[in-house]
Structure formats: structure tokens, C-alpha cells
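What follows is one structure encoded as C-alpha cells, with my remarks underneath.
The values are calculated or read from the model by the stated rules, or taken from the named source; none is laboratory data. These numbers come from a predicted model, not from an experiment. Cβ: placed from backbone, ideal geometry, glycine included. Neighbour counts: every protein chain shown. When the accessible area is computed, the model is the full protein with side chains, heavy atoms only, and any ligands, DNA or RNA have been set aside. Shrake-Rupley method; radii C 1.70, N 1.55, O 1.52, S 1.80 Å.
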Amino acid sequence: MNSVFVDAFRCEWLKRRRSLGAWLVAVGAFFTPAIITVVRLIRHATLPQLYADPLFWTLHWRNAWESMAIFFVPMAAILATSLVVQIEVRNNAWKQVHALPLHTATIFFAKFAVILLMLAQFFVLFVLGIYLSALLPALLVGGVAFPPAPPLRVFLADTALYYLDCLPIVAAQYLLSLRFNNFLVPIGIGFLAWIAALSALSWQYANLVPYAYTMLDFLKDNPDARRAVVSSGMHALAAAWSVLFVAAGYVGFATKAQKG
Amino acid sequence: MLCLETTDLCHRYSAGEAVLHDIALAVPHASIYGFLGPNGAGKTTTLRLLLGLIRKQRGTISIFGRHLDEHRVEILRQVGSLIETPSLYEHLTAAENLALLQRIHRVPAARIAEVLERVGLAATRDKRAGQFSLGMKQRLGIAAAMLHRPALLILDEPTNGLDPNGIIEMRDLLIALNREEGTTVLVSSHLLAEVERLVSHVGIVHRGRLLFQGTLDALRRESQSAAHVSLHTADDGHALRLLADAGVPARCGSAGLVLPAMPPPHIAAINRRLVEQGVEVYAIGAQGGDLESIFMNLIGSRAA
Ligand SMILES: Nc1ncnc2c1ncn2[C@@H]1O[C@H](COP(=O)(O)OP(=O)(O)O)[C@@H](O)[C@H]1O
Ligand SMILES: [Mg+2]
């Protein structure tokens, strides 16, 4: 990586300091684990049995990812992307960014890299939250067996795939956020696309829907899913959609007639 | 030598009328160039084109002798700009705002304190930009523009929101940068009076056309040639004949008679003579001659 890109990236990374997007990542990541912890503390009578289950971590992991895969990850991808781009719009700063001695591609990819890193942060904090939400009730409630060491390798592999699954959403939202200065437009479209993906889950071509991959990933081997979900080749498709949206986003960004 | 040159620059916003016509700017190296025109004249549009912020539709732009199309990044390394309102991240402090740019421009971190001092914001370096007054934001915007010691500063109405004292400080700062570091300054304004004591060169733009370009002295000369004496009497026809007899070349204007510029004692003599001949003089006096009136004149006469 060349050093100009590194400088541009560090500059972009500084901008998100104290911004709403940065707070959202921290709060959003710990939200589900916090809810799980609170619910367990309230239903503490059931804990000894749950923690003694040999499948404790599998159950806990799935439990934590349910709301994430269906709701929080798509929302985080939509909001974080819009908020990062909005930092420039709200502060009238695009004109300054474009008057810097940087190539358009540097500007585009440095900002995109910041969004990707913020989401990676979101995932890492969430996994940490999952771990804490397993430990805390065991520490706080008496007579509960301490959980065994978690299957970290499986968790990390799962997490990495979920991350890949949400990239089409990030790339599409980045394209939209750069296109429309009013942040309600990308957020609105993103929300509608999420609802559309949700209702397309049982469709036979659900694996072609760019906003559906995190949900499909969660549901693919879920015995409770109402119908078998079509998830064949979904990670490759997610990667393909991401590349397509990034390329389209870049073309739109580079050919914009008025840059701030 | 020219620092910045454009030829034939035209622009039309989507589906609208053309807002710039054949703008040919010539900004000499190490000059302070005042780009003047009323609101909506096309100043900001021109400056945006110079920075590549809007896509050029026709014409050429060269800065430091190179074409902007091919050498944009190298050129921008040496250019500092402030277009309309300053671009400040309101959730970051003054120093953090500059630190962002310092990274890209690769200047020493010590330069941040230096420019803050220079624009009078040293005491507020750790205050968030969102809490700044309009004038303070404008100063921070200037600090950001000059952070990397650019060879060319492009400032779009930089005195917006400044108090009279701030305007004088800004003027002194720009003059100092120009003298000490040889910075070429291209500064736009809608008030000639505001930049009259700052600029060495002037370009006057109105409705997207460049009406005048040259040194401030050349503008002064032109304004002197446009000066005249206006005369309004009870009987302009009679007065015209009397003046012709006296050898004064007068003509009928839109509001009374127009006489060539002359020293005040001559004006008094003409007045006396007319009164003695029984012509009632309602008004007589020198007109034009100052920069503001040539400016208004240029704008007014070619507005049709
Ligand atoms: N983004 C835009 N879209 C359409 N028209 C614009 C836009 N910006 C400026 N204009 C028009 O272009 C003309 C010149 O504007 P501008 O360059 O901002 O003038 P100035 O800076 O001299 O006040 C005006 O008539 C203005 O209405
Ligand atoms: Mg303007």
C-alpha cells in the first residue's frame, strides 16, 4: 500500500472521532449482549441447566447472532456508511477534500476503508460482548457452572463470513450515500431494501438478493426456519455483489459533475 | 509570468443558462488579484472550476504553467483554497481540523500552532470548531488554506462574517504572505472598497463576463477618463448654446448636460457665467473618478 493512501486513511479515521457513527458502533455492538445478560439475570433460575448443557456455546452463539444477522448488522451497515459520508456533507467539507492533492481513487477508497474498519470494529466488539454475556451471568449468579473455553476458531470463521455477507450492503449504501446529499435517501432506500430482502428469504432465488446474505447465513442451518432457505454459493455471490457495487460507486463518484 | 491563466472558460449548470462566458483570467505571479463582481456574477463558479470542483465544459485552465486537466494533483499540492464557507469538521477541535490536513500535506506538526497564531486563534486551539463564531470559522478556514505554505491562495469572499477589525487583519495577513513568501493571492469580493487597499490587480466580472482586467492603476486611469461634470439647469438648451460659445464641449446626457472633467475652479467659473446669463443652475458637480463608480459604471453600462 502506498504511503499517500495510508495518510489519507489516517486522516479519514481521525474524522470519525467523537462522531455519531463512532458511538453507534460501540453502542450497537454491545446492545444484544447487554440484552442477553439482563434477560439471563432476570431468569436466573434457568441458568444452572443452560450452563451445564454440553452445547452451551453453540446455543449461546446462535442466540446472540439471531438479532444481529437479521437486524443489527444490516442496520449498522446502512447507518455507519451514511453517517461517515454525512460527516463531509454536513460540514460542507467535500469541496476541501476534493481540493486536496489526492487522486479521486485515494479519496474514495480511504473513506471506504474507514467504513470497513468501523464495521470490523463493530463485529469484534460484538464477539467480545458475546463472550462477556456468557461470563457475566455465571459470575453474578451463584450455583452456575462456569462455561468451558469457547470454540474460538469456529467463532472467528463464522464472524468473518458474516462480515463478508454484509459487504454488499455496505458497498451499495456507500454508492447511495455518495450519490445523494440528503442522508434520508440512502437510509430510506437501505431500509426498504432490507425489508424486501426479509420478505424474499423464502424465495427460490433468495441467494441473489444483495441485502439478504447475513440473514441467509443465520437461517441456512436453522431447524426453526419455516422453509429451507436457498443459500448455495452465497458467500461468492456476496463478494461478487460487493465488487460490483464498489465499482459502480467509484464510477459515479469519479464522474460527478459537481464535487461539493 | 502568469501564475494562473484561463482561456475561453464557459460554464452552464445542468439545464440552466450559461453562467460563465469566455472568461480569460490572467493572474500574474506574486500578485494579489481581486476578482470582483456583484452577487451571482459567477465568481464562485469560476473559482470552483479552477480547483477542479466542477467539471470543466469548455476552455483551458493552467496554473503554474501546467494544464489542470493533466496535472491536477501536483498543482493542488501548491494551492490553498477557501470557497464560500469554510470546510470545518464541527465535532473536531481547531487543532484537530488542521491536523487532518497536516497529514495530507506532510508539513511538520509545529506548523499547526504557527498558523493558528497567525490568524489569532492560538488561544482556542482545543475548542471545537462547532462552537466557533462565524468570524472565527473564517479565520480557521484561512489557517487551513495557508497551512502548507501554498504558492497560490484562492479565497472566495474571505471577509464574509468578519468584523471591520477582522477585515483589516485579514488584509494585513494576505499582504504579509504576499511580501514575505511571494504567495500569489486570488481573492474574490463583491465590494471593491474592501479590496482596494489589498490588491495589485483586478478582474471585474458581471453576469458571467469579464468586463475589465488589469492592474489597479489601470483601473484608476480608466476611471479618471470616465470622470465628468454633470450640469442640470432650468433651460438646458440655452445652457448648451452658452457653453458652446465659451468653447466648453458639452453634450446632452440622460439627466441634464455632461461636460468633460475639469478642476473645481473651472466648475465654479462655468456656474458663475451661466447665472450671469440668466440660466438658473439646479445642480453642477464632478461625477465618477473614484473606483467604486467605475465599478458601478462598468456593471451598469454593460448590463443590458
Ligand atoms: N449549483 C448550482 N446550480 C445551478 N445554478 C447555480 C449553482 N451555483 C450557482 N448557480 C448560478 O450561477 C450563477 C453564478 O453564481 P456564483 O458563481 O455563485 O456567483 P457569485 O459567487 O459571483 O455570487 C448564479 O446565477 C447562480 O444562480
Ligand atoms: Mg460566491
Could you name every one of the strands (runs of 3 or more DSSP E) located completely within the stretch B:199-245 that has at least 2 residues being within 16 Å of ligand 1 (Cβ to nearest atom)?
-> B:201-206, B:209-215
Got at least one residue in the stretch B:75-82 being among the hydroxyl-bearing types (S, T, Y) and either within 16 Å of ligand 2 (Cβ to nearest atom) or at the interface with another protein chain (Cβ under 8 Å from one of its Cβ atoms) (or both)?
-> yes
How about the stretch B:118-146: which of its residues are in a helix (DSSP H, G or I), over 19 Å from B:I175 (Cβ atoms) and among the charged types (D, E, K, R)?
-> B:K137
Collect the residues in the stretch B:177-189 that are open to solvent by less than 20 Å² (accessible area, probe 1.4 Å) and away from ligand 2 (no atom under 16 Å from the Cβ), keeping them in residue-number order.
-> B:L177, B:T183, B:T184, B:V185
May I ask you to verify whether B:T124 is away from chain A (no Cβ under 14 Å), open to solvent by less than 40 Å² (accessible area, probe 1.4 Å), over 21 Å from the mean Cα position of the chain (by Cα) and away from ligand 1 (no atom under 16 Å from the Cβ)?
-> yes
Within the stretch A:1-105, which helices (runs of 4 or more DSSP H) (wholly inside it) include 1 or more residues that are under 30 Å from A:S202 (Cα atoms) and more than 11 Å from every other protein chain (Cβ to nearest Cβ)?
-> A:20-42, A:56-67, A:73-90
Which residues, taken from the stretch B:51-68, are among the polar types (S, T, N, Q) and either within 12 Å of another protein chain (Cβ to nearest Cβ) or in contact with a Phe, Trp or Tyr (Cβ under 8 Å, 6 or more places away or on another chain) (or both)?
-> B:Q57
Filter pass, B:T46 being under 25 Å from B:T215 (Cβ atoms), touching a residue at least 40 places away in the same chain (Cβ under 8 Å), more than 13 Å from chain A (Cβ to nearest Cβ) and not in a strand (DSSP E or B) | yes
Number of the exception - A:G260 against (1) at pLDDT 90 or above; (2) within 14 Å of chain B (Cβ to nearest Cβ) = (1)
Going by the conditions given, is A:A196 assigned to a helix (DSSP H, G or I), under 15 Å from the mean Cα position of the chain (by Cα) and within 26 Å of A:S67 (Cβ to Cβ)?
-> no
Could you look through the stretch B:16-67, keep only residues that are within 16 Å of ligand 1 (Cβ to nearest atom) and of a type in the set (S, T, N, Q), and pick out the one that is most open to solvent (accessible area, probe 1.4 Å)?
-> B:N39
Which of the residues belonging to the stretch B:83-95 are more than 7 Å from chain A (Cβ to nearest Cβ) and either more than 16 Å from ligand 1 (Cβ to nearest atom) or more than 26 Å from A:S19 (Cβ to Cβ) (or both)?
-> B:T93, B:A94, B:A95
Considering the stretch A:71-112 alone, what residues qualify as being under 21 Å from A:Y213 (Cα atoms), touching a Phe, Trp or Tyr at 6+ places or on another chain (Cβ under 8 Å) and open to solvent by less than 30 Å² (accessible area, probe 1.4 Å)?
-> A:V73, A:P74, A:M75, A:A76, A:I78, A:A80, A:T81, A:S82, A:F112
Yes or no: B:A144 within 13 Å of another protein chain (Cβ to nearest Cβ), more than 16 Å from ligand 2 (Cβ to nearest atom) and in contact with a Ser or Thr (Cβ under 7 Å, 6 or more places away or on another chain)?
-> no
Among the residues of the stretch A:134-143, is there at least one that is assigned to a loop (DSSP other than H, G, I, E, B) and among the hydrophobic types (A, V, I, L, M, F, W, C)?
-> yes
So B:L152 clears everything in (1) away from ligand 1 (no atom under 16 Å from the Cβ); (2) more than 14 Å from every other protein chain (Cβ to nearest Cβ) except one condition, right? Which one?
-> (2)
Verdict on B:I75 being buried (at least 20 other Cβ atoms within 10 Å of the Cβ) and within 16 Å of ligand 1 (Cβ to nearest atom) = no
Could you check, for the stretch B:156-166, whether at least one of its residues is closer than 27 Å to A:V4 by Cα and out of contact with any Cys (no Cβ under 8 Å at 6 or more places or on another chain)?
-> no
Failed condition for B:G256, given (1) small (G, A, S); (2) on the phi > 0 side of the Ramachandran plot; (3) crowded, with 21+ Cβ neighbours inside 10 Å, with all others met?
-> (3)
